[in-house]
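What follows is a set of notes on a single structure, which appears directly below.
No value in this document is a laboratory result; all are computed from the given coordinates. Fair warning: this is a prediction, and the values are worked out from it, not measured in the lab. Note that each Cβ is placed from the backbone with ideal geometry, even for glycine, and that neighbours are counted across all protein chains shown.
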């Protein structure tokens, strides 16, 4: 997903890709065709030691985010770290502290915030256009189809950072926090057996303004979207429709197309703007925002503190974990599943 | 049973089979998938499953993965040409890996509309089936039959009809059609629903794995009850708030063509299909995104549509499936394996509804979900 936006930014002379780093040399090598001038490294410290980079994009598995981000910051690099920010809240604290100490920008990748419909729904909520918000329900589930290059996300790690909750979870939770403020976990259940990682999650959340539910799945097809119910209206955001929003104030829902453009260069003020409707376009806007944070001192779209809040909710959820109820299994298998669930191991 | 290796383990049937083996304490379960992304539906089961990466069409890659297996279950699906290639590759790899038993999943779709009530489990497939998937399954069966006698291991071919229930893509397509009020019956729904509940199919596969004796042969597998398409739709319709008395019926005498059906027909032509798969990787993101949205169908903000479709757009595959005339007998399998389906139709529907409720589908307040 980053290949096209980075190529475009290189073409415009906004940045230059100087190094590609992957412990699996084949993965970095595959990218090299797109960035032939970039050096290829298997270790991040070697790449950073060359002193050729100002900005590090941390796109590795979540378990490596803290270590690599801190290493990059210590080498005077600004950092854009993909979601989730880290595997634990304490790692996030450390990353934020090092960013403050070194005076570098620490931005967290949450590309959905740039999508027009997502931003418009936040306006509706924050500006009270739906009245007093009473509840929300968020569902996102489908067969996992990202062409991942490593099994890291599917393997349990002692410190966390893998599984569905660290995959789709940050998208859902970051957005809900952006909409409703700090969230507390009222209940959480998943389907992971001991030594595995969850593929289905259900949770109840509370904020100071409303309560709601979240259901995520890697293998069940869910009705993907966020429904927000207020005293004056209701809105439905489909997680696969980036520029359309359905709103009902009375009667039935009506769909509206949203335009929302973001700076597409690093000029002050921006000379070009882009309304992102694809993941690659959103990543482009996010990278521009980071470049503007570095060059113009603007705040990044998602700060380390916001990234940490999302990880805090995930950690809090896991502390409350229960087995998901699976009444469609026969009796003996329901019992076996509960006995083998990671919380009972 | 010793080590069971499942090819295509991340699919609908595979996931359920692996889950049941793990929950029942099967000590050695080996799941074979083609790509890392396929680990997602299995990851929750943790180290109870040994996962191996291999392309089922790559015989050399398969051999080390299959070695040490006491039974191999072939659940590979995908593009039609791939089904035939992978079947051949698996046959050869099983021989090279000295696997004692291969269980291959075929499909009752190879018998078209099941023209005779006396169709034997060894009856040949309908020749030149119009549906590429059915044609591929039939071709694979022919290859298996040719090589079965000489194979240095036992080959069992199971032939389920429509696999329905929890996680079933087919069931979900019916659920969505009901919610969008665009369902229809063919010939008043009197055709036979040759289905098998997912847990019953899993039980059949496991009966083959566990059977200590001779298991070589072709077997139809099915639920116990004789169910019509009207019965099947009605079982789901009420709980989903669909009034069966308003379901339109189309003629079974002649397929009612529509522009959408014509597009689908063209898409299925081998040359177009091949071209599409080659072009797919080169399409710009915007176009891929539009195609994906178009295929995903309508999004009902209210949870279900308010108006019933009276002149439905008929899907060619659905039309043919609803015209099945006879129930395929699973008596041979029951006799040989001493098998009785563990789940009744009624119980299967109950479990399916419980699953739908979990997914967030609103069920009618009158729905009874207790045993």
Pick from A:49, A:235, A:28: which residue has the top mean-square fluctuation in a GNM of chain A where Cα pairs under 10 Å get a spring? A:49
Inter-part distance where the stretch A:86-118 and the stretch B:205-233 are each reduced to a Cα centre, Å: 54 Å
Cβ neighbours within 10 Å from other chains - mean over A:327-339: 5
Checked the stretch A:230-345 with the C-alpha gyration tensor, a ≥ b ≥ c its square-rooted eigenvalues, rounded below a/c of 1.5, otherwise prolate if a/b is larger than b/c and oblate if not; verdict oblate
Can you say what percent of the DSSP beta bridges in the stretch B:111-235, counting only those with both residues inside, are antiparallel? Round to 5. 10 percent
Answer rounded, prolate or oblate for the stretch A:1-92, using the Cα gyration tensor with square roots of eigenvalues a ≥ b ≥ c: rounded when a/c is under 1.5, else prolate when a/b is larger than b/c, else oblate. prolate
Looks like the stretch B:104-239, by Cα gyration tensor root eigenvalues a ≥ b ≥ c and the a/c under 1.5 rounded cutoff (else prolate when a/b is bigger than b/c, oblate otherwise), is prolate
Taking the Cα atoms only, what angle lies between the long axis of helix B:259-268 and the longest principal axis of chain B, rounded to 10 degrees? 10 degrees
Shielding score for A:193-200, defined as the mean number of other chain Cβ atoms within 10 Å: 6
For chain A: relative contact order, % (alpha-carbon pairs under 8 angstrom, 6 or more apart): 19 percent
Just to be sure I understand: with springs between alpha-carbon atoms less than 10 Å apart, which residue in B:98, B:311, B:332 has the highest mean-square fluctuation in the Gaussian network model of chain B? B:311
Angle, helix B:198-210 long axis vs. longest principal axis of chain B, Cα atoms, 0 to 90°, nearest 10? 10 degrees
For the stretch A:152-265: relative contact order, % (alpha-carbon pairs under 8 angstrom, 6 or more apart): 15 percent
Quote the FRET efficiency, to the nearest 0.05, computed for residue B:88 versus residue B:282 with a Förster distance R0 of 35 Å and r equal to the Cβ-Cβ distance. 0.75
When you count, for each residue, the other Cβ atoms within 10 Å and take the mean per peptide, how do A:196-203, A:317-324, B:179-186, B:143-150 rank with the highest first? A:196-203, B:179-186, A:317-324, B:143-150
Say R0 is 60 Å: what FRET efficiency, to the nearest 0.05, do residue B:234 and residue A:33 get from their beta-carbon distance? 0.55
DSSP-defined beta bridges in chain A - what % are antiparallel, rounded to 5: 60 percent
For residue B:272 and residue A:1, what is the calculated FRET efficiency with R₀ set at 30 Å and r taken between the beta-carbons, to the nearest 0.05? 0.50
DSSP beta bridge pairing in the protein assembly as shown, given as percent antiparallel to the nearest 5: 40 percent
For peptide B:12-24, compute the average count of partner chain beta-carbon atoms within 10 Å of each residue's beta-carbon. 3
Roughly how far apart, in whole Å, are the Cα centres of the stretch B:136-179 and the stretch B:95-128? 8 Å
Considering only B:354, B:158, B:105, give the residue with the highest GNM mean-square fluctuation for chain B, with springs between Cα atoms whenever their separation is below 10 Å. B:354
Chain B - Rg and Dmax from Cα coordinates, angstrom: 20.8, 59
Give me the angle, in degrees from 0 to 90, between the Cα long axis of helix B:169-179 and the longest principal axis of the Cα atoms of chain B, rounded to the nearest 10. 10 degrees
Calculate the length of the line joining the C-alpha centroid of the stretch A:208-273 to that of the stretch B:309-371, in whole Å. 36 Å
With N denoting the number of residues in the protein assembly as shown, provide Rg(C-alpha) divided by 2.2 N^0.38 Å, to two decimal places. 1.01
P(r) of the stretch B:150-227 in 10 Å steps, Cα pairs, percent per bin? 16, 38, 27, 13, 6, 0
